[in-house]
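Participant: Structure below; questions to follow.
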Amino acid sequence: MTGVEVDGVAVEVPEGAPLLAAVRAAGIELPALCQDDRLSPAGSCRTCLVRADGRIVAACVTPAAPGATVEAATDGLRALRRDAVEVIVSALPSRALTEDGRTELAHACRSVGIGPEVAAGAGGRGEDTSHPYVHLDRDLCIACGRCVRMCAEVQGTFALTLTGRGAETVVAPGTGGPWVESDCVACGGCVDTCPTGAISEPGPAPGLTTAVRPAPPMTRTTCGYCGVGCALDVVAEEDRIAAVLPARDGPVNRGHACVKGRFAHGYLTSPERLTQPLLRGEHGLEPVGWDEALAHIARGLRAAIRAGGPDAVAAISSARSTNEENYLVQKFMRVVIGTNNVDNCSRLCHSPSAAGLTASFGLPGGTDTFDDVERSDCLLVVGANPVEAHPVIGARLLRRVLRGARLVVADPRAVGLAPHADVHLRPRPGTNVALCHGLAHVLLTEGLVDDEFLRHRAAGLPELTGLLADYPPDRVADLTGVPAADLVAAARLYGRAERPAIVYGLGVTEHLHGTDGVRALANLAILRGAVGTGRGFGVNPLRGQNNVQGASDMGALPDVLPGYGKVTDPAVRARAEEVWGVPVPPRPGLRIPEMFAAARAGRLGALWVIGEDVCATDPDANRVARALDICPLVVCDELFLSETARHADVVLPVASWLEKDGTFVNFDRRFQRVRPAVAPPGRARTDFDTVRAVAEAMGTDLGCPTPADALAECARMSPHFAGLSHRRLDREGAVCWPCPDPDRPGQATLYRERFATADGRAHLAAVPHLPPGEQPDGDYPLVMVTGRRWAHYNSGSMTRRGGNLALDPVDHLDIHPDDAVRYGLRDGEPVQVISRYGRARLIARIGGETAPGQVFCSFHFPASGVNRVTSDHADTVTSCPEYKVTAVRLAADGAG
């Protein structure tokens, strides 16, 4: 810390901090219109002038020197600052200070005694209102450059620039055209940092920024989109969302957000929102009251149990629901129904992560927090495109790379971080295991391993060494298509780093051998001794949905109870039975694919689908729909009448993440609070209240009258969560699990002393490379890969009901130019994608992001039918679908 005296007051600030921090620490307010704590200082506006050791300096760019004496509150300095602000304001039109008064500029004017009459500029430079979320009023721009620096330094998109000269300087999109056609990804950072309202969010609450917090009360909650876990402050006016602001003290996002969390809340008031239960009758789904809907569900559940026993009932819980809701769902199935037939969508994405990480290290979560990962000097990013799928994390990773960290990207596509990589490995889809073995081969043969760690803290080295002899770089090049020289270069970067870290995504897990892929990736960290040692930051999966980690943590899985205790373990069941007071079934239940198979075979009498559009997101969607049609009772909890809801017998209207209370767990195991900012519409209820109501209709009181009670009961079920409570999270903000003690911090970094395996060691995996479920052939010569786009989320039910649709209005198929010529396709034309399972219709987009022989599309537009094309091949360990490898052919739309 550095000691400074400000107007006679001694203060301490962090070493390297500017004088502005010291002045504010002394309780003195200074205007600083070009300054934002998240950005590098500029010193261009001269509104924060102080006298330091006799010299007049800009406080925002002058470091606080030890023992410095600073004057800030003298009349002369106040006059200098007032003059600087007045010069800026005098060039602006009068509306700069009179339209809403909530901008940082207006606040600065009030603080130095400047009134609206000073703003006398002529204006006339025009507006850009082309973008649905970001509007530019050029007349209010003071060329402070904060928006440009925010876009470059925090977001890493570099979409903005300053154009013009002198007084005509103004911010503009770097492409020179309308804002909506620029490279902007609508993170909202420019809106949040703009001090004048020149860049603003259109709507009922313009000018709300993180610089000057608004008067209306705000609700702190956690984003309900991806698994990053951004903390957000929500402003509600008259029970409607007026604005969503990224929390400056958010533990993961640190004042940043993405287009979805920041702006995509228009779906809340969509006229398509479900507001009352629907029951299938003679004329289809018809509105009914809750009592009638609940009675029908109870009769159907009892009928299914009478006909086929408890195992004739199944439930798919939700990664979009809170921990407390997931806890209650699995408790309902085990206590009320008497079956372990409960699963969640982690089955379709990260179940191989849980299985692979548990086998390698002992627990089913990432090994380190992202704060640690961000300290890495070499990042190995495998099968992930965080720039689009997890934009806040993508921005932080890019920032780390731009500051000097080395980067290896392993991904078939040239997207996201790949253009910034030191080495970009582009393996053929389905060859991840061979790629990882090739890297491991180089680590071993060149001595880039931690021998002491391998001797004392790892097992399986002889077996792995024997296997890796068959994976020299030249053979791996033949298997994967990655040049041997690139493989060696990547291995050396990772092997020679002092603090390497691995980050991966669905490109590793969604394969026939996804669990093997996770384990082969974990081998690299074990060989380097980069887990639990401080000499590296382990292996960290990027979770897709907001609470996919928490849904599994809470036991919404067919083979484990809350905290991952096996249902086959008598001691685990005994602990649960002590808490619940009823026997727990000892046999693992059905996984999601097995539920659909049982329904098609007539063995499933009732299926409850909570918050998942399985007809849109699950593979081989035609067979999924057939399963729902055959099952005698299908209940669906939903926000909208999704494709799955259209096949249901009862549809229950439920609350969104902005309307409910509880907690989520993000990708690095942080529990964070979720709080309601507005009430659910009409008769919609939370999933928590819905599960309790169904249990009551079945004659059972589930207990846990509030979400806080549910988390408290879960804490009794598993030592991993014993130290967690709503009260603690309200006090501390975020706590990582494992957290066995309410008086001690959670374990942010795992395995410092021992691994959670039976022998306390990390386990290397000698798993051979095996081919994917499908190979291209003469009939289906291309490989289709599916994934996410930056503007949308999952099945698109929320993001397609708002401004995001203007940013990404159609479902594209990315095609390499060589394949476009081969099929006679032109950019922007409709195209059919045909597989052995079905066909989809998309819009061709021709470019070099995909490799020849591969095509890529998202699954955000169910009407396109992408998941009617995907195969039913699945990971041999976990049944996770092989979304990343489907053999297809193309045809111009209308052709065969």
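Participant: If a residue has to be of a type in the set (A, V, I, L, M), surrounded by fewer than 21 Cβ atoms within 10 Å (Cβ to Cβ) and not in a helix (DSSP H, G or I) to count, how many in region 591-627 make the cut? Reasoning before the result, please.
Facilitator: Quick first cut of region 591-627, residues of a type in the set (A, V, I, L, M) only: 592, 595, 597-599, 601, 604, 606-607, 609-610, 614, 616, 621, 624-625, 627.
Pick out the ones that are also surrounded by fewer than 21 Cβ atoms within 10 Å (Cβ to Cβ) and you get 597, 601, 625.
Next, only the ones that are not in a helix (DSSP H, G or I) stay: 601.
Of the residues in region 591-627, 1 are of a type in the set (A, V, I, L, M), surrounded by fewer than 21 Cβ atoms within 10 Å (Cβ to Cβ) and not in a helix (DSSP H, G or I).
Participant: So, in region 105-118, exactly how many residues are surrounded by 23 or more Cβ atoms within 10 Å (Cβ to Cβ) and touching a Ser or Thr at 6+ places or on another chain (Cβ under 8 Å)?
Facilitator: Adding up the residues that qualify gives 2.
Participant: Let me ask you something else. If you check Asn622 against the conditions, is it touching a helix residue (DSSP H, G or I) at 6+ places or on another chain (Cβ under 6 Å) and more than 30 Å from Arg646 (Cα to Cα)?
Facilitator: No.
Participant: Restricting attention to region 714-757, and to residues there that are among the aliphatic types (A, V, I, L, M), touching a residue at least 24 places away in the same chain (Cβ under 8 Å) and out of contact with any Cys (no Cβ under 7 Å at 6 or more places or on another chain), which single residue is surrounded by the fewest Cβ atoms within 10 Å (Cβ to Cβ)?
Facilitator: Only one residue fits best here, namely Ala756.
Participant: While we're here: Which residue pairs have Cβ atoms under 6 Å apart, sit 6 or more places apart or on different chains, and have a first residue in region 792-810 that is outside the structural domain of Leu639 (by TED's automatic domain parsing) and under 16 Å from Ala389 (Cβ atoms) and a second that is at pLDDT below 90 and outside any loop (DSSP other than H, G, I, E, B)?
Facilitator: Note: pairs meeting the criteria are Ser795/Ala616; Ser795/Thr617; Ser795/Pro862.
Participant: Go through region 723-781 and count every residue that is part of a loop (DSSP other than H, G, I, E, B) and among the basic types (Lys, Arg).
Facilitator: Residues that pass the stated criteria total 4.
Participant: May I ask you to list the residues in region 353-366 that are within 18 Å of Asn546 (Cα to Cα) and touching a helix residue (DSSP H, G or I) at 6+ places or on another chain (Cβ under 7 Å)?
Facilitator: If the condition is that a residue be within 18 Å of Asn546 (Cα to Cα) and touching a helix residue (DSSP H, G or I) at 6+ places or on another chain (Cβ under 7 Å), then Ser353, Ala354, Pro364, Gly365 are the ones that fit.
Participant: Condition test on Val584, is it closer than 23 Å to Leu711 by Cα and crowded, with 24+ Cβ neighbours inside 10 Å? Even if it seems obvious, please write down each step before you answer.
Facilitator: Details: closer than 23 Å to Leu711 by Cα: yes; crowded, with 24+ Cβ neighbours inside 10 Å: no.
Against the criterion (closer than 23 Å to Leu711 by Cα and crowded, with 24+ Cβ neighbours inside 10 Å), Val584 does not qualify.
Participant: Now, a different point. If only one of Asp814, Asp819, Asp777, Asp827 is of a type in the set (Asp, Glu) and either in the same structural domain as Ala257 (by TED's automatic domain parsing) or within 28 Å of the chain's Cα centre (by Cα) (or both), which one is it? Quick ask: steps written out before the conclusion?
Facilitator: Working: Asp819 fails: either in the same structural domain as Ala257 (by TED's automatic domain parsing) or within 28 Å of the chain's Cα centre (by Cα) (or both); Asp777 fails: either in the same structural domain as Ala257 (by TED's automatic domain parsing) or within 28 Å of the chain's Cα centre (by Cα) (or both); Asp827 fails: either in the same structural domain as Ala257 (by TED's automatic domain parsing) or within 28 Å of the chain's Cα centre (by Cα) (or both).
Just one listed residue meets the conditions, Asp814.
Participant: Only one of these is aliphatic (A, V, I, L, M), in contact with a Cys (Cβ under 6 Å, 6 or more places away or on another chain) and under 24 Å from Gly416 (Cα atoms): Leu807, Leu813. Name it.
Facilitator: Residue meeting the stated conditions: Leu813.
Participant: Of all residues being within 38 Å of the chain's Cα centre (by Cα), aliphatic (A, V, I, L, M) and surrounded by fewer than 22 Cβ atoms within 10 Å (Cβ to Cβ) in region 33-62, which is modelled with the highest pLDDT? Just the residue, please.
Facilitator: Val61
Participant: Only one of these conditions is not met by Gly365: (1) outside any helix (DSSP H, G or I); (2) farther than 29 Å from Ile526 by Cα; (3) of a type outside the set (A, V, I, L, M). Which number is it?
Facilitator: Status for Gly365: all satisfied but (2).
Participant: For region 422-448, name all the residues that are touching a residue at least 40 places away in the same chain (Cβ under 8 Å) and small (Gly, Ala, Ser).
Facilitator: Across region 422-448, the qualifying residues are Gly430, Ala434, Gly438, Ala440.
Participant: What number of residues within region 554-568 are over 16 Å from Phe332 (Cβ atoms) and out of contact with any helix residue (DSSP H, G or I) (no Cβ under 7 Å at 6 or more places or on another chain)?
Facilitator: 4
Participant: Right, something else. Condition check: closer than 20 Å to Ala530 by Cβ and part of a loop (DSSP other than H, G, I, E, B). Does Val449 satisfy that?
Facilitator: So Val449 fits the description; yes.
Participant: Could you count how many residues in region 368-413 are touching a His at 6+ places or on another chain (Cβ under 7 Å), over 29 Å from Ser552 (Cα atoms) and not in a helix (DSSP H, G or I)? Before the answer, list the steps.
Facilitator: As a first pass, look at region 368-413 and keep what is touching a His at 6+ places or on another chain (Cβ under 7 Å): 392, 395, 398, 401, 407, 409.
From what is left, the residues that are over 29 Å from Ser552 (Cα atoms) are 398, 401, 407.
Applying the additional criterion that residues be not in a helix (DSSP H, G or I) yields 407.
Residues in region 368-413 being touching a His at 6+ places or on another chain (Cβ under 7 Å), over 29 Å from Ser552 (Cα atoms) and not in a helix (DSSP H, G or I): 1 in total.
Participant: While we're on this one: Those residues that are among the aliphatic types (A, V, I, L, M) and part of a strand (DSSP E or B), I need them from region 837-863; list them, please.
Facilitator: Ala840, Leu842, Ile843, Ala844, Ile846, Val855
Participant: Would you confirm whether or not region 796-804 contains a residue that is assigned to a loop (DSSP other than H, G, I, E, B), modelled with pLDDT of 95 or more and either more than 30 Å from Leu357 (Cα to Cα) or charged (D, E, K, R) (or both)?
Facilitator: Keep residues of region 796-804 that are assigned to a loop (DSSP other than H, G, I, E, B), which gives 796-803.
Applying the additional criterion that residues be modelled with pLDDT of 95 or more yields none.
Checked region 796-804: no residue is assigned to a loop (DSSP other than H, G, I, E, B), modelled with pLDDT of 95 or more and either more than 30 Å from Leu357 (Cα to Cα) or charged (D, E, K, R) (or both).
Participant: I've got another one for you. Just one of Val401, Val409, Val313 is at pLDDT 95 or above, closer than 27 Å to Leu639 by Cβ and touching a helix residue (DSSP H, G or I) at 6+ places or on another chain (Cβ under 6 Å); which is it?
Facilitator: Val313 is the lone residue from the list that is at pLDDT 95 or above, closer than 27 Å to Leu639 by Cβ and touching a helix residue (DSSP H, G or I) at 6+ places or on another chain (Cβ under 6 Å).
Participant: If you take the residues in region 498-534 that are crowded, with 24+ Cβ neighbours inside 10 Å and among the acidic types (Asp, Glu), which one is nearest to Gly227 (Cα to Cα)?
Facilitator: Filtering first and then ranking leaves Glu510.
Participant: Now, a different point. Please state which one of Leu557, Leu527, Leu542 is closer than 23 Å to Thr322 by Cβ, more than 19 Å from the chain's Cα centre (by Cα) and touching a residue at least 12 places away in the same chain (Cβ under 8 Å).
Facilitator: Leu557
Participant: Okay, next question. I need the full set of residues from region 345-362 which are in a loop (DSSP other than H, G, I, E, B) and at pLDDT below 95, in order please. Please lay out each step first, then the result.
Facilitator: The first filter runs over region 345-362 and keeps only residues in a loop (DSSP other than H, G, I, E, B), leaving 349-350, 362.
The answer is Cys349, His350.
Conditions tested, residue by residue: (1) over 19 Å from Cys615 (Cβ atoms); (2) buried (at least 18 other Cβ atoms within 10 Å of the Cβ).
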residue	(1), (2)
Tyr793	no, yes
Ser797	no, yes
Val821	yes, no
Val831	yes, yes
Arg839	no, no
Thr870	no, yes
Thr878	yes, yes
Lys884	yes, yes
Ala887	yes, yes
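Participant: As an exercise: evaluate Thr69 against (1) crowded, with 16+ Cβ neighbours inside 10 Å; (2) more than 24 Å from Cys147 (Cα to Cα); (3) of a type in the set (Val, Ile, Thr) and give the number of the one condition it does not meet.
Facilitator: (1)
The values are calculated or read from the model by the stated rules, or taken from the named source; none is laboratory data. All of these numbers come straight from a predicted model, not from anything done at the bench. Virtual Cβ from ideal backbone geometry, glycine too; neighbours counted across all protein chains shown.
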